[in-house]
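J.: Below: one structure in structure tokens.
The values are calculated or read from the model by the stated rules, or taken from the named source; none is laboratory data. Here the structure is a predicted model, which means the values were calculated and not measured. Cβ placement follows ideal geometry from the backbone for every residue including glycine, while neighbour counts extend to all protein chains displayed. For accessibility, only protein heavy atoms count, side chains too; no ligands or nucleic acids. Shrake-Rupley method; radii C 1.70, N 1.55, O 1.52, S 1.80 Å.
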Amino acid sequence: MNKNLLFKVLSLLLVASFALTACAPAAPTEAPAAEVPAVEAPVATEVVAAPMEDVAIRWRTRPDNQEEIDVYTKISGELDTQLEGITLTYEPGGTESANYQDQLKTEVAAGTAPDVFWIPGTDVADFATRGLILNVSDLAAATEGYKADDFYAGPMYHLTYNPETAASGADSGALWGLPRDVSTFALYLNLDLINEAGAPDPRELAKEGKWTWEAFLDVAQKTRALGSDVYGYGASAWWGPYGVWLNAAGGGFYNADRTSCALNTPESLAGLDFQRSLYQDHDVATPYGEDPEPVFRAGNVAMFQNGRWATPGVRTVDFNWDVVELPKGPSGTAGNWLFWGAYVINAKTEHPAEAWALVQALTTAQTQGQISALGANIPSRVSQEALDAFLTFTPPTNNQAFLNGIAADANPTAEGPLWAGSWPEFSKVMDPAVQGVLTGATTVEAFGATICDEANKVFVK
Amino acid sequence: MVINPRTEFLLKISMVWRGIFSLLTFGVVIALWSGILTSELALWLKILLTVILITASIFSAIGAGQIYRREHSGRMISLVIDYLAFVACSIIALNTGEVFIGIDALGETFASGLPYLGIVAMGYFLGVIDEYYTQKKQLWGESSLKVVSRWVMLGGFVLFIFQVGAIDGILYFLNKLTQPLGILSVAGIALFGFFMWAIGRSESAVAMHSKTNHEQILSGWLFLSPNLLGFLIFFAGPLVLSLYFSFTDSDAFSTPNWVGFANYAKILNIQLVSLAYPEQLAKEVVNISVYDEVGRFTFGNSGILFAAADKYFWIALRNTLSFVFLAVPLSVFPALVLSNILNSKLPGMKFYRALYFMPSIAAIVGISLVWQWLYNATIGYINYFITLGIEFWNNLFNLAIIDPKIQWVSDEKTALLAVVLIAAWQTMGFNTVLFLAGLQNIPGELYEAATVDGAGNWDKFWNITLPMLAPTTFFVVSTTTIQAMQVFEQVFILMNPPEGPNNSTITLVLYLYRNGFQNFKQGYASAIAWVLFIVIFGLTLVQFQQQRKSSIYES
């Protein structure tokens, strides 16, 4: 064989193999060797009867780190075996260069999105009203063992909201998916700083029912007095952290049926004013808008407000720490949020029944327990077994603080979309205005006088 | 001229094919609009396809006539149409075979085959030994090592193909091609490929009276075609499409509705109203169901209120222009000075040239994250060094300078400046290299003559360097301005939220991104993009006009 010809043939084969390898189905990824503690909880739902032939289902959820990718991959492998007739492919969403939601929306628009995917709770209305996700109420009604009550009521209010009838609930005729997990805020405590300042232990105060705004301010001031670079309190600059102060004062972002702005009510303004005082009058907080997490990790913040998702990162700090629930405000509650996201089904899926089977399998107590064991979230299923297992995922020792935050008597406000308006637009108006108040650029009175004039425009008239 | 029967036959069927193709494309257009083919296509897609198909139909018919008359332009038309259709069919076939979405599979499996490619490399190495050690021929006989080399290479390659799953890939690809669209596209490839060959043959060229320069033109377009097609499909196409979307209410998911100039009208709907007193509320002077306050200019006991239907656009425009006016001088003037220093013959200059260029090639996400840490008001290094400096001066001279503890990214007064500093730092290195190239093009004789005339360093810089650098300066300022007008990444990564405190860092590109991807307003975002284009175009035009006044540039 002529040498040149040989090289030409080899080169052509190489190029062809590049292209043709791209056609080959993705190689199965091996599950990680590390064992994740399994939760002894019953599978609460029946999986839909498997079809005769294997169907390929792609699913995606947003992982926070490689550890979560490994667990989701392992779960996908297990469910692949468990769900007869279904071949699963798990795709971790989002990359360094592509935001999870942007990538997903682009794929949805292009018709290449996975069959099942996760979206944040605030996005459900946008996806549902545009017909991008499947209403699975009929499938759910035909599924033995499925009960909406098995999940927290807050997320299910939105997931069963029927925009045509404005009704919500198990018989509303709508079901947009099932919640993947829930989360809530707590205060991560630097116990060394609190002890050094001689401040009372917030956990003890909480047990005694004395964990109020006044007690919180007292601890913050005492720890702030330790030095100019030590702060009593730190929170990130987004709607979650500042919203709890409004909620705890009896106010909130919207009125009860979420059809108009309530940021200018006396209660909301009182909550905002208290938070403003933490930054401006008492000077106990890390500057608003600066990321408080590195400061907390450096051991310079006594109370760091964040969700359960911050736990894996905090576990690596080298000081004594624990968590406590948020302090109770004038309304008698801490005004906490119930954060959640949901597994939903692509409206263009060719296999709705199989996709629904997967959504159920992904939200069983056992699956949620495997994810929660990593420490970043709380099971969305109201199951005593799941919650008992959650308490064992330490540190922090006081995991109960998170459960107290989402307990029914704490009356948490469920994060959710605006069915009568646009949540991103509302947030766009609210966030900079609140930031203006907390950084001292605007007064609370000026905020209250104008905010709802602009914010109310985002609601459908 | 005598044309052989085979060529005569091929030209005849090419002519018939052109006629059939013309009728076929026309038929597809009718089917498209009558709903026989599909009723789900968006209006814009229907119009686009119609324009393409009708054009192809008309040209194909013309081509048929010209082939009949043996005019070379008929051959050109035929080749262009068949080539474009061939490429289109190839893309459809590859897409039907899911080649384009199999990249992940390629990444996962290809790496596993690399060891076998090592065997191929080893075989090649044996072949090299065979060529360089001729003595072995006497020992082992003629080309024995060469044979071994070939078999090792082939064996390694076969193993590689199996390992990476190319066989599965072939089967999967072929299986996918059995769909109607796959079969149709493969038939198209064969058909268009055949007629390209039929009319592209040199005998056909002679019969069609093609000359050498016609062949050269064809070759030129053929070489240009990959780039040209890429430009049309991935740049010009989306550009035109975004113009169309800017006149619709597109949300990227549902069929867009034509809204005319409504998006542009909203962007440009502003009001300037006199205020009775400086603190007068906006709702007392404008219809707040339409307008929001953007800002107010106060003087004495009165003022003017600036209100807009979309206040964020105007805030974004203000921030973007502020960014340009700060970032462009900060990345051009230091670059000019630096390039003059680096242009000297001092030792180690090459090292410094590389050093200053490094920020330009570093990943913007990484850079922004590093700066985020540096800017941190409580534990950041910038404030740490400011504190150290103040303490030093206070102790040395017994002063009482107060540490400002600047909140770089969380104070609306400094947030944009923080972004400007990063952008200037990053762009400066690239601009320095451009200025260096310009400096090295200035003839040395000019400086020698100036030296003879007794000019000092400043005179030389002012009277020779600067004027001679004018074209480079124009290029640097224009490109830096265009780049600055499109600022996005630094803001998006550095600021949290990206809009910054009190919207102090919201920029036009960030705002259009928010509208397009988060607020489901692709139509409105497209309109913003076109307004941004007009602003950039206007600024560049002004720069061009200013530059034309320079006699140096004109000469």
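J.: On the first, second and third principal axes, largest extent first, how far apart are the outermost C-alpha atoms of the range B:264-309 in Å?
T.: 35, 16, 11
J.: Additional query: If I model a spin label as a point 7 Å beyond the Cα along the Cα-Cβ vector, how far apart are those points for A:Ala408 and B:Ser202 in nm?
T.: The modelled label-to-label distance comes out at 9.0 nm.
J.: Residue by residue through B:400-411, how many Cβ atoms from other chains fall within 10 Å of the Cβ on average?
T.: Taking the mean over all residues of the peptide, I get 3.
J.: Note the full-extension length gain between B:Val147 and B:Tyr447 as 0.36 nm times their separation in residues minus their Cα-Cα distance, in nm to one decimal.
T.: Stretched out fully, the B:Val147 to B:Tyr447 stretch lengthens by 101.5 nm.
J.: Averaging sequence separations of C-alpha pairs under 8 Å and six or more residues apart, then dividing by the length of chain B, give the relative contact order as a whole percent.
T.: After rounding, I find 13 percent.
J.: Something else now. May I ask you to find the residues of the range A:279-311 that are shielded by at least 50 Å² of accessible area once the whole protein assembly is considered instead of their isolated chain (probe 1.4 Å)?
T.: Flagged in the range A:279-311: A:Glu290, A:Pro294.
J.: Now for a different question. In what sequence, largest accessible area first, do B:Glu499, B:Glu391 appear using a 1.4 Å probe?
T.: B:Glu391, B:Glu499
J.: By per-residue mean of other Cβ atoms within 10 Å, what is the highest-first order of A:279-292, B:505-518?
T.: B:505-518, A:279-292
J.: Here is a further query. Distance between Cα centroids, the range B:479-497 to the range B:1-61: provide it in whole Å.
T.: Comparing the Cα centres of the range B:479-497 and the range B:1-61, I get a distance of 47 Å.
J.: Kindly express, to the nearest 10 degrees and within the range 0 to 90, the angle between helix B:522-548's C-alpha long axis and the longest C-alpha principal axis of chain B.
T.: Helix B:522-548 sits roughly 80 degrees off the main axis of chain B.
J.: Once the dipole of the range A:264-324 is set up with Lys and Arg at +1 and Asp and Glu at -1 on Cβ about the Cα centre, which of A:Thr265, A:Val323, A:Tyr279 lies farthest towards its positive end?
T.: Most positive-ward Cα: A:Val323.
J.: Could I ask something else about it? Quick one: which residues, 5 or more positions from A:Ala302 or on another chain, have an amide H under 5 Å from its amide H? H modelled 1.01 Å from N in the peptide plane, none for Pro or chain starts.
T.: Amide H neighbours of A:Ala302: A:Tyr231, A:Gly232, A:Tyr233.
J.: Over chain A, with a single point scatterer placed on each C-alpha, what log10 of the ratio I(q)/I(0) does the Debye formula yield at q = 0.10 1/Å?
T.: Each listed q maps to, in turn, -0.78.
J.: Antiparallel as a % of all DSSP beta bridges within the protein assembly as shown, to the nearest 5?
T.: That works out to approximately 70 percent antiparallel.
J.: While we're on this one: Could you list the GluC sites (Glu not before Pro) in the range A:320-407 that lie in coil according to DSSP, counting only those with at most 12 other Cβ atoms within 10 Å of their Cβ?
T.: A:Glu350
J.: Place a point 7 Å from the Cα of B:Trp458 along the Cα-to-Cβ direction; which residues of the range B:306-342 have their backbone N under 11 Å from it?
T.: Of the residues in the range B:306-342, none has backbone N under 11 Å from the label point off B:Trp458.
J.: Moving to a separate point now. Give the distance, in whole Å, between the Cα centre of the range B:520-542 and the Cα centre of the range A:364-384.
T.: Centre-to-centre distance over Cα atoms comes out at 47 Å.
J.: With +1 on each Lys and Arg Cβ and -1 on each Asp and Glu Cβ, and nothing else charged, work out how big the dipole of chain A is about its Cα centre, in Debye to the nearest 20.
T.: So the magnitude is around 840 debye.
J.: Next question, about the same structure. Quick one: length gained pulling B:Asn394 to B:Glu131 fully straight, 0.36 nm per residue minus the C-alpha distance?
T.: Length gained between B:Asn394 and B:Glu131: 86.9 nm.
J.: With +1 assigned to the C-beta of every Lys and Arg and -1 to the C-beta of every Asp and Glu, and no other charges, what is the dipole magnitude of the protein assembly as shown about the Cα centre in debye, to the nearest 20?
T.: It comes to approximately 4460 debye.
J.: Which percent of the accessible area of chain B is formed by carbon and sulfur heavy atoms (probe 1.4 angstrom)?
T.: Heavy-atom surface of chain B belonging to carbon and sulfur, 1.4 Å probe: 70 percent.
J.: While we're on this one: Which helices pass in chain A if a helix is a full DSSP H run, must span at least 18 angstrom along its long axis by Cα, and must have mean Kyte-Doolittle hydropathy not below -1.0?
T.: A:3-23, A:66-82, A:266-279, A:423-438
J.: Using 7 Å Cα-to-Cβ label points, what is the B:Ser225/B:Ile304 separation (nm, one decimal)?
T.: 5.9 nm
J.: Using θ = phi - 60° and the Karplus form 6.51 cos²θ - 1.76 cosθ + 1.60, what ³J(HN,Hα) does each residue of the range B:259-269 get, whole Hz, x for Gly and Pro?
T.: 10, x, 8, 4, 5, 5, 5, 5, 4, 8, 7
J.: If I take R0 = 25 Å and measure r between the Cβ atoms of A:Thr259 and A:Arg130 in this structure, what FRET efficiency does the formula 1/(1 + (r/R0)^6) give, to the nearest 0.05?
T.: Computed FRET efficiency for A:Thr259 and A:Arg130 comes out at 0.80.
J.: Which one, B:Ile390, A:Asn162, B:Ala316, is farthest towards the positive end of the dipole of the protein assembly as shown when Lys and Arg carry +1 and Asp and Glu -1 on their Cβ?
T.: Projecting each Cα onto the dipole axis, the largest value belongs to B:Ala316.
J.: If you don't mind, there's one more thing I want to ask. Note the angle between two axes, namely the Cα long axis of helix B:166-177 and the longest principal axis of the Cα atoms of chain B, as a number of degrees from 0 to 90, rounded to the nearest 10.
T.: Between helix and principal axis, roughly 80 degrees.
J.: Oh, and also: In deg cm²/dmol and to the nearest 500, what is the mean residue ellipticity at 222 nm of chain B if only DSSP H runs of at least 4 residues count, each as -39500 (n - 2.57), divided by the residue total?
T.: Calculated at 222 nm, the ellipticity per residue is -22500 deg cm²/dmol.
J.: Also: Taking 7 Å along the Cα-to-C-beta vector as the label spot, tell me the B:Ala437-A:Gln101 distance in nanometres, rounded to one decimal.
T.: So the label points at B:Ala437 and A:Gln101 sit 4.1 nm apart.
J.: In addition: I need the shape label for the range B:448-555. Rule: rounded when a/c is under 1.5, else prolate if a/b > b/c, else oblate, with a, b, c from the alpha carbon gyration tensor.
T.: Judged from the Cα gyration tensor, the range B:448-555 comes out prolate (a/c at least 1.5, a/b above b/c).
J.: Can you give the relative contact order of chain A as a percent, counting alpha carbon pairs under 8 Å and 6+ residues apart?
T.: 23 percent.
J.: Can you list the trypsin sites (Lys or Arg not before Pro) in the range A:297-335 that are in a DSSP coil and have 16 or fewer other beta carbons within 10 angstrom?
T.: When the trypsin sites (Lys or Arg not before Pro) of the range A:297-335 are filtered for loop state and at most 16 Cβ neighbours within 10 Å, A:Arg315 remain.
J.: Okay, next question. With all protein chains present, calculate the accessible area of B:Val147 using a 1.4 Å probe and round the result to the nearest 10 Å².
T.: The accessible area of B:Val147 comes to roughly 60 Å².
J.: Sticking with this structure for a sec: Mind checking the angle between helix B:311-342 and chain B's longest principal axis? C-alpha axes, 0 to 90 degrees, to the nearest 10.
T.: Computed tilt is about 90 degrees.
J.: A further question follows. Put +1 on the Cβ of every Lys and Arg and -1 on every Asp and Glu Cβ in the protein assembly as shown; which of B:Phe160, B:Gln518, A:Val301 then has its Cα farthest towards the positive end of the dipole?
T.: B:Phe160
J.: Which of the residue pairs A:Lys328/B:Lys405; A:Lys428/B:Lys413; A:Lys147/A:Lys207; A:Lys210/B:Lys405; A:Lys428/B:Lys266; A:Lys105/A:Lys147 have a Cα-Cα distance greater than 24 Å in the structure shown?
T.: Over 24 Å apart, Cα to Cα: A:Lys328/B:Lys405; A:Lys147/A:Lys207; A:Lys210/B:Lys405; A:Lys105/A:Lys147.
J.: Still on this model: How much accessible area is lost when chains B and A come together, counting both sides, with a 1.4 Å probe, in Å² rounded to the nearest 100?
T.: 5000 Å²
J.: Go through the range A:155-167 residue by residue and turn each phi into a ³J(HN,Hα) via Karplus (6.51, -1.76, 1.60, θ = phi - 60°); whole Hz please, and just put x for glycine and proline.
T.: Per-residue couplings from phi come out as x, 5, 4, 6, 6, 10, 6, 9, x, 6, 10, 6, 9 Hz.
J.: Run the 1.4 Å probe and let me know the accessible area of B:Ile36, rounded to the nearest 10 Å².
T.: Here the accessible area works out near 130 Å².
J.: Per residue, how much accessible area does the protein assembly as shown show when a 1.4 Å probe rolls over the protein heavy atoms, in square angstrom?
T.: 48 Å²
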